[in-house]
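Report on the structure given below.
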Amino acid sequence: MFILAAAMAQQQAPPPPQPFPRPSVQPARPGSQPTVQPAPPPEAPAVTTAPLAEKPPTDQTLGIPIYPGAQFIASYDAGRGQRFYIFGSAASFVDLVTFYRTTLKQKGDLLFDAPATHQFEVGRFREETMAFPAGVTIKEEIREGRTADRLLDFAAAHHIDLIVAGRQGMNALARLFVGSTTKTLLRSASCSLFIAPEPPLPDADRLERLLTGVAEVRKPESWTLQLDGFTRRNRGRVAKVEMDDLDLGAQVIESGFAFQGASYDERDERVELMLAGTGDLLQHVTRSIGGVKWVAIGTDPEGRDFALRIDHGTGQTLLTFTKA
């Protein structure tokens, strides 16, 4: 979950017009006929209309980039003409922080370790006119307990109509069974349940990137296919390579080189990044990364990759592409 605080002025609705004051009734003079005031007609009952669903904001209306694939949840008044916009994302806390570090070109501040909360401020904070500094706050929300129970609780609390669950197992025998989480959903869900088989890796990689903005793979046996696809889609794009280490901090390793390829060497258990010079620069650079834990690819809403992240040791290596 993450929150975008935007300084957007709210227009106050004008007060409803008040009826004209009625003339006061004067006491009757002696010998005169009392004047009878007719009763006013009954007022028509007020017509109430259901509030319209809030339209999701865009990068342009907020002035702050929205994480690819994030779902708009709601917004509320933060005071002094500002609003909080709340989005949800299936991406990990690290993915979200990395995306905003790259796009906002700042490290931000880690406010809490548990629950993990990271904040990026955008622009100057003016205490006399603002309730909160404009920026992005990323908060990790973890629901503990059995997966099926938490899904059923969430579906009931939010009146969900359909739950989509995966089916584990790819061999002939395993296809007869489903995982324990899906079994519980089958028995206990009060709404419709759609069970989908696991797609092949290339399809799973493409779907995950389109739906969530990030494809994260922790199985080394899948890295070769994932990196081959990344290479085919992005060969020749100008890239920058950065390393972010917990001890050394963030530093740019290579910049301005054309991306040539990424591969995984199963024998040495290393990821290789290959770059080449552009224009008159004929230099070729290969960056070898060992101790890899997992590989993630970030994709924008148009389906174009914007980053490759490789987690290793106590840090990560990040390859990003320069905008044309």
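Looking across segment 222-242, the residues that are under 19 Å from residue 292 (Cα atoms), under 25 Å from the mean Cα position of the chain (by Cα) and of a type in the set (A, V, I, L, M) come down to 227, 241.
Quickly run through segment 223-233 and pick out the residues that are free of Cβ contacts under 8 Å to residues at least 60 places away in the same chain and over 25 Å from residue 70 (Cβ atoms). Working first, answer last.
Step one: list which residues in segment 223-233 are free of Cβ contacts under 8 Å to residues at least 60 places away in the same chain, which gives 224-225, 228-229, 231-232.
224, 225, 228, 231, 232, listed by residue number.
Under the condition of being among the charged types (D, E, K, R), modelled with pLDDT of 60 or more and assigned to a helix (DSSP H, G or I), the residues counted in segment 161-188 number 2.
Inside segment 308-323, residues that are of a type in the set (Val, Ile, Thr) and not in a strand (DSSP E or B) make up a count of 2.
Across segment 263-307, the qualifying residues are those that are charged (D, E, K, R) and in a strand (DSSP E or B), and the one among them that is nearest to residue 213 (Cα to Cα) is 305. Here is a check on your reading of the model: is residue 154 assigned to a helix (DSSP H, G or I), under 24 Å from residue 310 (Cα atoms) and among the aromatic types (Phe, Trp, Tyr)? No: the conditions fail for residue 154.
As a summary of the residue check, residue 275 satisfies the conditions (1) aliphatic (A, V, I, L, M); (2) buried (at least 19 other Cβ atoms within 10 Å of the Cβ); (3) under 21 Å from residue 95 (Cβ atoms); (4) without any contact (Cβ under 8 Å) to a residue 60 or more places away in the chain except for the one numbered (3). When residue 77 is tested against (1) surrounded by 16 or more Cβ atoms within 10 Å (Cβ to Cβ); (2) part of a strand (DSSP E or B); (3) among the charged types (D, E, K, R), exactly one condition is not met: (1).
The values are calculated or read from the model by the stated rules, or taken from the named source; none is laboratory data. Please read these numbers as outputs of a predicted model, since none were measured by experiment. Note that each Cβ is placed from the backbone with ideal geometry, even for glycine, and that neighbours are counted across all protein chains shown.
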